[in-house]
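In what follows, a structure is listed as structure tokens, so that the remarks can point back to it.
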């Protein structure tokens with residue numbers, strides 16, 4: 001007969017998360033707790049097993065470490081889902097804050113990944129003050145920049161920036177990678193509560209970005225850059241924000257548009273224009 005296919009732990013967790021999104025479309029914090037509790041038991045057992053094998057069978061420790069790394073990855077996924085669920089069911093007042101605060105916080109958390117991938121990142125020297133939820137926008141920036149680092153290839157060149165508008169500001173993350181294949185464009189920013197559907201996107205990053213922007217009255221989108229590469233952008237309304245803008249030099253206005261090859265070598269260039 002046909003061989004029996006055993007689903008991987010990651011697939012099982014994805015299906016459980018998808019079921020959670022379907023049954024509780026508005027979000028429910030207890031569901032994330034239900035997922036996190038048994039995973040904590042697995043991590044504890046794996047750590048104990050690793051200690052035993054380190055003394056009795058060192059050659060097999062690597063196998064246990066793979067399990068531990070996968071479990072920690074799942075903990076991270078559940079944490080992100082939990083953050084999104086909490087944001088959906090616990091209204092937070094939006095206050096003015098400097099967007100640079102969210103950008104720098106995201107870059108700090110991505111520093112090791114940027115260095116490891118030898119990424120070159122360009123950013124404007126000046127950022128506007130916006131009304132929103134700073135921790136949520138830090139998550140938005142983190143996901144979009146991490147996405148560029150992951151998919152733009154070796155030594156990616158990434159640009160981030162913004163443009164002012166009459167009623168909203170537009171922010172973006174651009175890279176010099178291969179871009180998103182046409183067949184996958186329809187699944188970008190898929191609503192979080194639809195991730196249980198067959199053929200849905202496997203990543204959680206862009207659905208989380210979409211939901212956090214929805215909660216702040218923002219919009220989102222993707223564009224293929226003329227010279228190649230991916231361009232993700234989002235907008236936020238100007239409500240409650242002073243119309244006084246920081247001085248706009250031409251370099252600052254270009255922001256991430258300058259993605260020409262940089263001759264810098266060594267550590268990644270994370271510097272404003």
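Remarks
- Any hit, segment 158-165, residues being farther than 22 Å from residue 110 by Cβ and at pLDDT below 90: yes
- Which numbered condition residue 251 fails, given (1) over 24 Å from residue 121 (Cα atoms); (2) touching a strand residue (DSSP E or B) at 6+ places or on another chain (Cβ under 9 Å); (3) at pLDDT below 75: (1)
Matching residues to (1) closer than 30 Å to residue 39 by Cβ; (2) surrounded by fewer than 19 Cβ atoms within 10 Å (Cβ to Cβ):
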position	(1), (2)
69	yes, yes
73	yes, yes
79	yes, yes
90	yes, yes
93	no, yes
100	no, yes
120	no, no
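- Conditions (1) under 22 Å from residue 204 (Cβ atoms); (2) out of contact with any helix residue (DSSP H, G or I) (no Cβ under 6 Å at 6 or more places or on another chain); (3) in a helix (DSSP H, G or I); (4) in contact (Cβ under 8 Å) with a residue 12 or more places away in the chain; number of the one not met by residue 65: (1)
- Residue 105 within 19 Å of residue 161 (Cβ to Cβ) and free of Cβ contacts under 8 Å to residues at least 60 places away in the same chain: yes
- If the condition is being out of contact with any helix residue (DSSP H, G or I) (no Cβ under 9 Å at 6 or more places or on another chain) and either crowded, with 19+ Cβ neighbours inside 10 Å or assigned to a helix (DSSP H, G or I) (or both), then segment 137-153 contributes 148, 151, 152.
- Being modelled with pLDDT of 85 or more, surrounded by 18 or more Cβ atoms within 10 Å (Cβ to Cβ) and part of a loop (DSSP other than H, G, I, E, B) is a condition met by at least one residue of segment 218-225.
The values are calculated or read from the model by the stated rules, or taken from the named source; none is laboratory data. A quick note: this is a predicted structure, and the numbers were derived from the prediction, not measured. Reconstructed Cβ throughout: ideal geometry from the backbone, glycine too, with neighbour counts over all protein chains shown.
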